[in-house]
Amino acid sequence: MQLKTSNQSVLQKIAPFIGLFLIMSIITILNPDFISVSNLMNVLRQVSINALIAFGMTFVILTGGIDLSVGSTLALTGAVTAGLMASGVDPIFAMLLGLLLGAVLGAINGIIIAKGKVAPFIATLATMTIYRGLTLVYTDGRPISGLGDSLTFQMLGKGYFLGIPIPVVTMIISFAILYFILKKTTFGRRVYAVGGNEEASILSGINADRIKIYVYSLLGLLAAVASLILTSRLNSAQPTAGEMFELDAIAAVVLGGTSLTGGRGWIVGTLIGALIIGVLNNGLNLIGVTSFFQQVVKGAVILLAVLLDRKKTT
Amino acid sequence: MIKMADISKSFSGNKVLKNVHFTLEKGEIHALMGENGAGKSTLMKVMSGIYTRDSGTIEVKGKKVNFTSPKQAEKAGIAVIHQELNILPHLSISDNLFLGREETFGRTGILKNKQMEKKTRQILLDLGLDINPTDPASSLSVGKQQIVEIAKALSVDAEVIIMDEPTAALTDREIDNLFKTIRALQKRGVSFIYISHRMEEIFSLCDRITILRDGEFVGERKISETSFDEVVQMMVGRELGERYPERNSTIGDIKLAVKDLNRTGCFEGVSFELRKGEVLSIAGLMGAGRTEVAQSLFGYKKLDSGTIEFDGKKVNIDTPKKAKEMGIGYVTEDRKSEGLVVDFSVEENVSMTNYAAISKNGLISKDKERKLYDTMVQRLGIRTSGPDQAAKSLSGGNQQKVVIAKWLGIEPKLLILDEPTRGVDVGAKKEIYSIINELAERGVAILMISSELPEVLGMADRVLVMHEGKITADIPKHEMTQERIMHFATGGGKLAVEDQ
Ligand SMILES: Nc1ncnc2c1ncn2[C@@H]1O[C@H](COP(=O)(O)OP(=O)(O)OP(=O)(O)O)[C@@H](O)[C@H]1O
Ligand SMILES: [Mg+2]
């Protein structure tokens, strides 16, 4: 089972759960309002965008890569989709184009990294700037609004299904699919293999370049999904959307116990990691910590988690 | 010198050492033998403080010790050359040699680079290796890296040097130089613990031998008072018989014909034919270009020119994936960096080459995967605690079997084996030979690169000898002798290596 693929001790696996439980307990003690159903729904909805990106980031990090350009990808796909909708293109068609664009932007990252042999950090640092620049060019630096009242589009960010916010439903469905892919498919196994030992993978007849292009493309696609949710919620596309999103996503992956060197980790951890970040954001607000100080606490929690993780592995 | 008594050690409930005894006298070369997974490396790691023992005592020079780190053991005069290489590839050779004990101007922390480079050069020359100490370690072949490791241990003025399969990646000439150095140090009173699966080496070098089986102490003998057969018997617990099993294969049509293969800086003008059911060996010194030829045939390294015909058809093999789809398997030389994903379980490693067979529409079938694992573990006699054991915690020889298992699954038509029995025990070697024979009998064409001449003589139908990137001889079975092969391997000049 998954426990084996990622080759972590059981303790390492449950650590993120314990962390989440502890943080939630402390916040509840300090402010019982936190644990109300409506607030928890709220947390989940806030988490969904980061979680979607972090799921994709998990694949990328498992292959031993990293993607700093996701925030810019999100902004550019959001802007283009909104631009198309504002100019009267059929909303469904516009959204599909947006998703396609996300996948393509990701694939470009993958191709630069796999075929151009550029270090992922550098490659995506460059495309981060390029994609952001393109967004600013396209939007002329101004938000795009007047997106019409397509029900599908409006539902995406603001709707409910059986009382659960649609973004949360989207997150859960994506999670289930991606979990299945990692655990049960040859593609998932190859992702681990390439991250675990690229040379041995190639010598086993695995097309490592293709796997890499696919994972970046998948991440781009998920960033586009997140961008649709965000655009729908705000009813507009912001040229500055998604700034620093890459860091929250990476933090969620790391909090979940996935190794930055690749080959080891699991997506369940990432979900928990994203929840930890979301709970902190929401909970710190509730207990009245100033937004400036919140950043200090968030950073400290990430550091603590990683330090504890190192302790256990060595 | 060293006395270990009643040593026990288990890993997550799995008892790997059971009340093992071991004594080392001053100035002796003491062999430690046992099958793969018998616990040799573990015992040495317990001695040098890498693992903590569950029970038992260790005395060094009459004093009880409790090393908790290799550094402490080194301070007590015990140096270890581990089975797995510990070279930092981006550092220079001299930096690697002096890592952790750099020579500086007083306590300033400023390095005496020139001096260290000079010393490095000298130490390596003594071991017969003429290289530039400022080159990055990654520019060296595995064999040469191994020599750097040995040099590292030799240069700390240790009183006890533990060598865990130091010669697995060395050629005969390098081994000769190593033995000369060992004997010279022995005269100065240095003691050695020497782990190896090569019987000839043990009997020519060592004074005494301790044998382990399944983590238990089986016995200790003076080399002068024992024999190959007795040692093998003690190791495997039964008679083993012939070292090279009989093969009844009929050599068929030409499977692979290569002509004028060139790769600048690696090899040139390589032409040969390989037939179905034939075992063709490539012998030569380390760095002769044998591995590069194999990698090019497998599509891992690009050819500059030359043609490859497979089943009489001209083919262009540019990726390992394509090679695999054509039915070519490649058991790589270096199992850790090229053969295994060490974090993967044994089962997942075996599956790596066989996704097509164990999946449908991209979905892995757990049943099929487990069946493949079961078949392979049985066929190769791999010792694991189960399919989920991580490959990195297998003993060296069993790791090698996993790499072979990966390729048996694809039912290859042509199997390239690069040093297939490196670090494998006598019993398992025989099993691997039997598997090679079985494949050959079924008409599989075998290309076997080997630096172990007895193995080449025992297994090959024909041997190609390479020297500095060129094929210098093509010798059929009935004309093969160790001297002839060495003669051509060293460039065809004088007969460079004396008889064993
Ligand atoms: N860190 C570890 N965790 C779990 N099991 C281990 C670990 N290290 C060794 N083992 C197990 O202990 C046993 C003995 O291993 P060891 O490496 O000492 O064998 P060895 O005698 O050196 O074999 P070889 O000749 O193949 O090198 C093996 O079954 C191995 O799987
Ligand atoms: Mg060993």
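The values are calculated or read from the model by the stated rules, or taken from the named source; none is laboratory data. Keep in mind that what you see is a predicted model, and the values were worked out from it rather than measured. Neighbour counts are summed over all protein chains in view; Cβ atoms, including those assigned to glycine, are modelled from backbone coordinates with ideal geometry. Please note that ligands, DNA and RNA were not included when accessible areas were found on the heavy atoms of the full protein model with its side chains. Shrake-Rupley method; radii C 1.70, N 1.55, O 1.52, S 1.80 Å.
Screening segment B:157-195 for residues that are within 16 Å of ligand 1 (Cβ to nearest atom) and outside any strand (DSSP E or B) and picking the one that is farthest from B:Arg422 (Cα to Cα) gives B:Pro166. If the condition is being in a helix (DSSP H, G or I), near ligand 1 (Cβ under 7 Å from one of its atoms) and over 19 Å from A:Asn197 (Cα atoms), then segment B:376-397 contributes only B:Gly397. For segment B:389-400, does any single residue satisfy the condition of being crowded, with 21+ Cβ neighbours inside 10 Å, at the interface with chain A (Cβ under 9 Å from one of its Cβ atoms) and modelled with pLDDT of 90 or more? Within segment B:389-400 (the criterion being crowded, with 21+ Cβ neighbours inside 10 Å, at the interface with chain A (Cβ under 9 Å from one of its Cβ atoms) and modelled with pLDDT of 90 or more), the answer is no, since none of the residues qualifies.
When B:Gly427 is tested against (1) without any contact (Cβ under 8 Å) to a residue 40 or more places away in the chain; (2) of a type in the set (Gly, Ala, Ser); (3) not in a loop (DSSP other than H, G, I, E, B), just one condition goes unmet, and that condition is (1). Just one residue in the set B:Ser281, B:Ser227, B:Ser296 is free of Cβ contacts under 8 Å to residues at least 40 places away in the same chain, open to solvent by less than 10 Å² (accessible area, probe 1.4 Å) and among the polar types (S, T, N, Q); that residue is B:Ser296.
For segment B:1-111, the helices (runs of 4 or more DSSP H) that sit wholly inside it and include 3 or more residues that are surrounded by fewer than 22 Cβ atoms within 10 Å (Cβ to Cβ) are B:70-75. Filtered by the rule that a residue be more than 7 Å from chain A (Cβ to nearest Cβ), outside any helix (DSSP H, G or I) and touching a helix residue (DSSP H, G or I) at 6+ places or on another chain (Cβ under 8 Å), segment B:353-366 gives B:Asn354, B:Ser365. Return the residues of segment B:456-486 that are in contact (Cβ under 8 Å) with a residue 60 or more places away in the chain and not hydrophobic (A, V, I, L, M, F, W, C); say none if nothing qualifies. Scanning segment B:456-486 gives B:Gly458, B:Asp461, B:Arg462, B:His467, B:Glu468, B:Gly469, B:Lys470, B:Asp474. Answer yes or no: is there a residue in segment B:47-63 that is within 14 Å of ligand 2 (Cβ to nearest atom), within 27 Å of the chain's Cα centre (by Cα) and touching a residue at least 60 places away in the same chain (Cβ under 8 Å). There is at least one residue in segment B:47-63 that is within 14 Å of ligand 2 (Cβ to nearest atom), within 27 Å of the chain's Cα centre (by Cα) and touching a residue at least 60 places away in the same chain (Cβ under 8 Å).
Within segment B:321-339, the residues that satisfy the criterion of being open to solvent by 10 Å² or more (accessible area, probe 1.4 Å) and either within 20 Å of A:Gly196 (Cβ to Cβ) or within 7 Å of chain A (Cβ to nearest Cβ) (or both) are B:Lys321, B:Lys324, B:Glu333, B:Asp334, B:Arg335, B:Lys336, B:Ser337, B:Glu338. If you check B:Val342, B:Val377, B:Val350 for being open to solvent by 20 Å² or more (accessible area, probe 1.4 Å), more than 10 Å from chain A (Cβ to nearest Cβ) and β-branched (Val, Ile, Thr), only one passes: B:Val377. In segment A:118-232, counting only helices (runs of 4 or more DSSP H) that sit wholly within it, the ones holding 3 or more residues that are within 12 Å of chain B (Cβ to nearest Cβ) and within 25 Å of A:Gly263 (Cα to Cα) span A:166-184, A:186-196, A:198-203. Just to be sure, is B:Ile432 in contact (Cβ under 8 Å) with a residue 12 or more places away in the chain, within 13 Å of chain A (Cβ to nearest Cβ) and away from ligand 2 (no atom under 16 Å from the Cβ)? The answer is no for B:Ile432. Do you know which of the residues in segment B:454-475 that are open to solvent by 10 Å² or more (accessible area, probe 1.4 Å) and touching an Asp or Glu at 6+ places or on another chain (Cβ under 8 Å) is nearest to B:Gly265 (Cα to Cα)? Result: B:Lys470. With respect to B:Val444, determine if the residue is more than 14 Å from chain A (Cβ to nearest Cβ), away from ligand 2 (no atom under 16 Å from the Cβ) and of a type outside the set (Asp, Glu). It is true that B:Val444 is more than 14 Å from chain A (Cβ to nearest Cβ), away from ligand 2 (no atom under 16 Å from the Cβ) and of a type outside the set (Asp, Glu).
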